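Written below as structure tokens is the structure these notes are about.
Derivation of every value follows stated rules applied to the coordinates shown; laboratory data play no part. Computed from a predicted structure; not experimentally measured. Don't worry about glycine lacking a Cβ; one is built from the backbone with ideal geometry, like all the others, and counts go over all protein chains shown.
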Amino acid sequence: MKMTAQEFIDWKSKRITLLAMSGAGKTTLADKLPKTKWYHYSGDYRIGTKYLKEPIMDNIKRHAMSVPFLRELLRADSLYIKSKISFDNLTAVSSFLGKLGHVNQGGLSLQEFKRRQNLHRQAEIDAMKDVPTFIHNAEDIYGYRHFINDAGGSVCELDSPEVLESLAENTLIIYIKIPPELEQTIIDRAKNEPKPLYYREAFLDEKLTEFLRLKNYVSADLMPPDEFVSWVFPELFKARLPRYDAIAEKYGYIIDGNDVAKVETEDDFIALIAAALAKKTD
């Protein structure tokens with residue numbers, strides 16, 4: 001969706017998709033928009049509560065079954081387990097995605113890891129395809145005029161033109177570009193606190209081969225999960241940047257992460273988006 005700054009300001013029912021690397025301030029920016037006026041849609045929340053709900057629960061139960069006391073209760077149908085997923089707590093989703101590496105260190109085998117990666121990819125595609133329906137329902141059922149889609153950080157990895165075209169047709173795509181001076185901060189944070197991530201399979205295969213050779217591990221099953229995640233994140237970061245740029249160039253607009261940090265109100269948000277539109281159309 002393309003428009004001028006004035007067209008955006010005059011737009012009666014604003015519909016926006018925010019794209020960004022993890023740590024760029026995407027969710028913080030969305031939270032500046034009042035929930036009384038804006039319907040907030042989270043791709044990761046939709047993934048966890050709809051498309052990966054059963055696999056997540058199966059994973060939790062599988063771990064519970066390894067505890068004798070809990071196993072007996074589960075087999076006797078005397079225990080109810082439920083994941084607690086919210087916009088602010090998506091731990092169950094990332095725990096399911098898991099990390100590749102030594103099983104005794106909490107890792108997953110390469111086969112199981114790739115299975116979960118593929119499930120996540122399809123779940124993210126489906127969650128983004130749901131955006132038009134949620135836009136309609138948000139207004140038709142709940143009376144919201146404005147819609148904000150907080151898309152997952154791995155949308156750029158899906159290799160699904162259909163998803164991007166749907167988002168561009170139904171929303172204004174805004175990419176939050178991390179300024180160079182903040183890139184290392186985000187990389188260092190991710191390396192110090194390694195978290196489960198989604199990787200394109202071709203990227204994973206290439207970087208895993210490189211890592212195993214560099215560290216002299218015979219196979220992925222023997223490597224420490226956190227070590228691989230910390231090592232690969234800078235490579236993933238660099239690989240995603242041109243993908244985001246290409247999406248913004250073809251389908252949307254770019255705002256600077258430094259400017260995002262200055263947004264305090266809805267009016268600030270509208271002004272920031274309008275300025276990005278004006279800059280691209282000048």
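Descriptive notes on the structure:
- What the pair-distance distribution of the range 10-58 shows, using all Cα-Cα distances binned every 10 Å from zero, is 20, 41, 30, 8, 1 percent.
- Base-10 log of normalised Debye intensity for the range 211-274 (one unit scatterer per alpha-carbon) at q = 0.13 Å⁻¹: -0.61
- Just checking the listed ones, A190, A76, A220: in the Gaussian network model of the chain with Cα springs under 10 Å, the one fluctuating most is A76.
- With the alpha-carbon atoms of the range 237-282 aligned to their principal axes, the span from lowest to highest coordinate is 33, 25, 13 Å, starting with the largest.
- Computed [θ] at 222 nm, helices only, for the chain once each DSSP H run of length n ≥ 4 contributes -39500 (n - 2.57): -17000 deg cm²/dmol
- Flagged links, alpha-carbon separation over 20 Å, of K26/K207; K14/K37; K195/K238: K26/K207
- Listed residues L212, L79, L197, most fluctuating in the chain (Gaussian network, C-alpha, under 10 Å): L79
- Summarised in one figure, the compactness ratio Rg/Rh of the chain, Cα atoms and Kirkwood Rh, is 1.00.
- Angstrom value of the Kirkwood radius, inverse mean 1/r, which spans all Cα pairs in the range 86-235: 17.4
- If you run the Gaussian network model on the chain, springs between alpha carbon atoms under 10 Å, then out of S94, S83, S66 the most flexible one is S66.
- Taking 13 Å as the straight-line reach from the Cα of K250, the aspartates and glutamates in range (excluding those fewer than 8 positions away in the same chain) are E165, E169.
- Formal net charge of residues neighbouring A239 (Cβ-Cβ distance under 15 Å; K, R +1; D, E -1): -4
- The range 40-168 - Rg and Dmax from Cα coordinates, angstrom: 17.3, 52
- Over all pairs of different C-alpha atoms in the range 112-198, the reciprocal of the mean inverse distance, the Kirkwood hydrodynamic radius, equals 15.3 Å.
- Counting Lys and Arg as +1 and Asp and Glu as -1 over every other residue whose Cβ lies under 13 Å from the Cβ of W11, the net charge comes to +3.
- Local net charge near R145, Cβ-Cβ under 14 Å (Lys/Arg +1, Asp/Glu -1): +1
- Over all pairs of different C-alpha atoms in the range 149-282, the reciprocal of the mean inverse distance, the Kirkwood hydrodynamic radius, equals 16.9 Å.
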